[in-house]
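Working notes for the structure below.
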Amino acid sequence: MEWLIQFGYLGLFIGTFLAGTVIPLSSDVLLVGMLAAKADPVICLFVASIGNWLGAMTSYVLGWYARWEWLEKWFGIRREKLERQQQRVDRYGVWLAFVYWAPFIGLICMIALGFYRVRPRTTALLALAGSFVRFLFWILIHAVWVQ
């Protein structure tokens, strides 16, 4: 991840974008690395939030275009399991987008929200809010820790 920090804000954007998709990266570590390198926290907050949000929305779109038949054929997931998952998604609905940043489960939530075509605009707004709150938390922790 050091090589991403060397690219500055562009590296932060790329890293947080990839972390929002199926690529296993830690956007939190990347953000803290940027802050430790004396990057502007406000710029980091916006760059990281937008990058991670766009990555999450990419996962949402991947889910949107996935087909039942593909999941059964390529991943061996039975239709009954998908129907049970749909009941869970229907239960929590669009609010799953707010916690998409949680490791592993968040990616599944975003793909599922897209797959079951849960309200795109609201999903996008809550995912952006969740991303913003997440990075704001780390920036505040860093600010307290440095003092």
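The values are calculated or read from the model by the stated rules, or taken from the named source; none is laboratory data. Every value quoted in this text rests on a predicted model; they were computed, and no experiment measured them. Please note: Cβ atoms are built from the backbone with ideal geometry, for glycine as well, and neighbour counts cover all protein chains shown.
Here Pro103 passes the criteria (1) assigned to a helix (DSSP H, G or I); (2) surrounded by fewer than 19 Cβ atoms within 10 Å (Cβ to Cβ) except the one numbered (1). The set of residues in the stretch 81-100 being of a type in the set (Phe, Trp, Tyr) and either within 29 Å of Leu4 (Cα to Cα) or crowded, with 16+ Cβ neighbours inside 10 Å (or both) consists of Phe98, Tyr100. Residues of the stretch 60-81 that are small (Gly, Ala, Ser) and in a helix (DSSP H, G or I): Gly63 alone. Scan the stretch 9-43 for residues that are more than 16 Å from the chain's Cα centre (by Cα) and in a helix (DSSP H, G or I) and the total you get is 11.
Taking the stretch 25-80 as the range and being exposed (fewer than 11 other Cβ atoms within 10 Å of the Cβ) and closer than 20 Å to Leu96 by Cα as the test, only Tyr65 passes. When Leu113, Leu45 are screened for being touching a residue at least 12 places away in the same chain (Cβ under 8 Å) and touching a Ser or Thr at 6+ places or on another chain (Cβ under 9 Å), only Leu113 passes. Any residue at all in the stretch 78-90 that's of a type in the set (A, V, I, L, M), out of contact with any Cys (no Cβ under 7 Å at 6 or more places or on another chain) and within 21 Å of Ala129 (Cβ to Cβ)? Looking through the stretch 78-90, at least one residue is of a type in the set (A, V, I, L, M), out of contact with any Cys (no Cβ under 7 Å at 6 or more places or on another chain) and within 21 Å of Ala129 (Cβ to Cβ).
With the structure loaded, tell me whether Met57 is part of a helix (DSSP H, G or I), farther than 23 Å from Ala124 by Cα, modelled with pLDDT of 90 or more and not charged (D, E, K, R) or whether it fails that test.
In short, no.
Scanning the stretch 90-114 for residues that are within 17 Å of Leu71 (Cα to Cα) and of a type in the set (Val, Ile, Thr) turns up Ile108, Ile111.
For Leu107, the conditions (1) within 30 Å of Ala37 (Cα to Cα); (2) out of contact with any Leu (no Cβ under 8 Å at 6 or more places or on another chain); (3) free of Cβ contacts under 8 Å to residues at least 60 places away in the same chain all hold with the exception of (3).
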